[in-house]
Amino acid sequence: MRRSTVLIASLALLLTACRRDSREGAPNTPAPSSSVQPADSGSIADHAEVYRRAFWRQPTDLDRILHAERRITASTDGREVEGWQWFIHLQPDPALLATLRNPESFGLLPVASNVAPRPWPVTSAPAPAWFPPAVASPDFDILQAPSAGLTVLYRASDNTLFATDSGSGFTAPVR
């Protein structure tokens, strides 16, 4: 009885924390340094924030984020996030790389070199100019989630990682 009570309380706290994080939503005004945006959306160009939302962790001193962008499309009343997409380019901390390569962490699996990777979705505008095209060069190791949009391209020769994902949903926080 005691274990089930503790388990239920723990799950409730976890769900509350996850909902709070997912409802952080989009800013009402786009960041001035953001790139392409529809009129009713915003964009986050803060590299550390994009990293945190992408990988569910804070960047370390060993993560060197070169570019990052998160695009958000809001409902016409600004209360709901209808879609989001992020792109990131970094030289990763070895711990992040190990986490991404562990299928139990993000569900990513290697794409065989003789198989074309699933194209990443473009929700509102083309990928940033600094992001590689969907047909990446063969010197990248490509990891993809089989049933989601998360894609990671990693080049060991210069420890360069590109990643992207997209989705829909989330309610903006109460202000």
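The values are calculated or read from the model by the stated rules, or taken from the named source; none is laboratory data. The structure displayed is predicted, hence computed values, not measured ones. Backbone-built Cβ (ideal geometry, glycine too); neighbour counts: all protein chains shown. These accessible areas exclude ligands, DNA and RNA; they are computed on the full protein's heavy atoms, side chains included. Shrake-Rupley method; radii C 1.70, N 1.55, O 1.52, S 1.80 Å.
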Task: Long-range neighbours under 6 Å by Cβ, at least six apart or interchain, first residue without any contact (Cβ under 8 Å) to a residue 40 or more places away in the chain within the stretch 48-60, second among the small types (G, A, S) and surrounded by 16 or more Cβ atoms within 10 Å (Cβ to Cβ) - done: V50/A68
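Yes/no matrix, rows are residues, columns are (1) of a type outside the set (A, V, I, L, M, F, W, C); (2) modelled with pLDDT under 90:
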| position | (1), (2) |
| --- | --- |
| L90 | no, no |
| A95 | no, no |
| V111 | no, yes |
| P119 | yes, yes |
| V122 | no, yes |
| P126 | yes, yes |
| A134 | no, yes |
- [ ] Could you list all residues from the stretch 57-84 that are in a loop (DSSP other than H, G, I, E, B) and modelled with pLDDT under 90?
- [x] S75, T76, D77, G78, R79
Task: Selection status of T171, among the hydroxyl-bearing types (S, T, Y), more than 14 Å from the chain's Cα centre (by Cα), open to solvent by 50 Å² or more (accessible area, probe 1.4 Å) and modelled with pLDDT under 85 - done: yes
